[in-house]
Structure formats: structure tokens, C-alpha cells
1. Please list 3J(HN,Hα) in residue order for region 43-56, calculated via the Karplus relation 6.51 cos²θ - 1.76 cosθ + 1.60 where θ = phi - 60°; whole Hz, with x for glycine and proline.
2. May I ask what percent, to the nearest 5, of DSSP beta bridges between residues of the chain are antiparallel?
3. Which whole-Hz couplings ³J(HN,Hα) result when phi for each residue of region 179-189 is put into the Karplus expression 6.51 cos²θ - 1.76 cosθ + 1.60, θ = phi - 60°, listed in order with x for Gly and Pro?
4. Report in % the part of the accessible area of the chain that belongs to carbon and sulfur, leaving out ligands and nucleic acids; probe 1.4 Å.
5. Rounding to the nearest 20 debye, state how big the charge dipole of the chain is about its Cα centre with +1 on each Lys and Arg Cβ and -1 on each Asp and Glu Cβ.
6. Using the Karplus equation 6.51 cos²θ - 1.76 cosθ + 1.60 (θ = phi - 60°), what ³J(HN,Hα) coupling, rounded to whole Hz, does each residue of region 158-164 give in order, writing x for Gly and Pro?
7. So how far, in whole Å, is the C-alpha centre of region 38-76 from the one of region 151-206?
8. Compare the peptides 39-46, 160-167 by average per-residue count of other Cβ atoms within 10 angstrom and give them in order, highest first.
Amino acid sequence: MLKHVSAFPFSRDRELVQIVDAALADASRRSGNWLACRPGCTQCCIGVFAMNQLDALRLRHGLKKLESTAPARAQAVRERARDAVRRLSASYPGDVGTGLLGNSDEARQRFEDFANEEPCPVLDPQTGLCELYEYRPMTCRVFGPPVESEDGLGVCELCFQGASEHEIAACEMIPDPDDLESKLIKDAEEHRGRRGDTIIAFALAE
């Protein structure tokens, strides 16, 4: 049974999701054929990534919804998540009890090379589709179009092949211009009683 989900006020998170999805739709329109993203493409579904507690709550909420409509599919997601936790725990650069990633320089360095070939447990291996697509983390929502990062504008390696820097910049996505997410992350951390990042497998294996 998933806990610490129902009482969270998801209305503000839905507002954030709408803002980000609108920005994605606009960037996708400007990107046109430069975007290779299609149903069944799993390039961004391989390899773990850090996600915040708001993402974790959203995913758990989505899994609870899936339980009510397709319990067998929800159980398969949970089993894949638990299998992943068992595989990854021995070398996990964090606390396997809480799923929180470590904050030390050494832990962050270990995470750089951690589980880069691990498939996301939410990915259906038969269809190549995300079982919780509507509830996916922000990292998944902004993957594909150009998004500003510490290293400049980042894009999926399958997208914008042959595009110039000017063409890439013209398609930049600004996902959350008012930084609504930062406040909601604090609310989610307070709600869950956990502060810091985790990964999808640990969020859904509980």
C-alpha cells in the first residue's frame, strides 16, 4: 500500500505540470523534425537519474491511480522497481533505507558512473512505453528540446542532428520561468519527511 500520497495537495503540482507541458508543446512546434522523440523511443529511459521528492510523490500518486484501473500493470511496475532496488543496493551511492542519494563529493562522483545501463522500472519492456507517462518526473518531461544547463543548451543525442547552434538556440525550452517547482519541492519534502534526491526505483519500491 502506497502511503504519504493522498494528503498531498496536488493542485499546485498540476499547475506546474501544465506550465511545463505547454512549454514543451511550444518547443516541439518550433523544433519540428529536429525532434526524434516518438512513442517507443526509449533513449531517455535507460540509466538512472536523480529526481526530487516532488517527482517521487507524483510518481507514487500515478502508481496509485494505475492500481485502481490496471492492477496487474501497477504490480508489474512495482515488481520491476523492487528488482531494481535489489540489484542496485550493494553499490547505491546513498542510503538504501530511505533511497536518498548521498550529498558528499564522493557520493556524487560515484553516481556519475552508477547504473547507466539500468532500464527505468516504469518502462514496459514489451511495448517500450512509459506506464506512468502522465506522472513522469520533470527530467523526463523536458528531455529532447534544448534546455539550459550548467554546460549550455543540452539536447538528446538523437535530436537536432545536423542542426546549427543558432537553430538549436531558436528552439530553446524554458520549462518553469517563475520557478514554481522550487517551492513545491520544499512542500513535498516536508510532506514526505525526506529532504534530498532519490531515484525512481526507490520511490516506487516502497
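The values are calculated or read from the model by the stated rules, or taken from the named source; none is laboratory data. Just so it is clear, the structure is predicted and the values come from calculations on it, not from any experiment. Note that each Cβ is placed from the backbone with ideal geometry, even for glycine, and that neighbours are counted across all protein chains shown. Areas reflect the complete protein model, heavy atoms only, side chains present, ligands, DNA and RNA absent. Shrake-Rupley method; radii C 1.70, N 1.55, O 1.52, S 1.80 Å.
1. Running phi through 6.51 cos²θ - 1.76 cosθ + 1.60 with θ = phi - 60° gives 3, 8, 9, 10, x, 7, 8, 6, 9, 8, 6, 5, 4, 4 Hz.
2. Values: 7 of 8 bridges.
Around 90 percent antiparallel, to the nearest 5.
3. 6, 4, 4, 4, 5, 5, 4, 4, 4, 5, 5
4. Taking all protein chains in place, the chain shows 51 percent carbon and sulfur surface.
5. On the way: 25 positive and 34 negative charges, 222 e Å.
With only Lys, Arg, Asp and Glu charged at Cβ, the dipole is about 1060 debye.
6. Taking θ as phi minus 60°, the curve returns 8, 9, 6, 5, x, 6, 7 Hz for region 158-164.
7. 16 Å
8. On the way: 39-46: 13.5, 160-167: 11.9.
Top to bottom by mean Cβ count within 10 Å: 39-46, 160-167.
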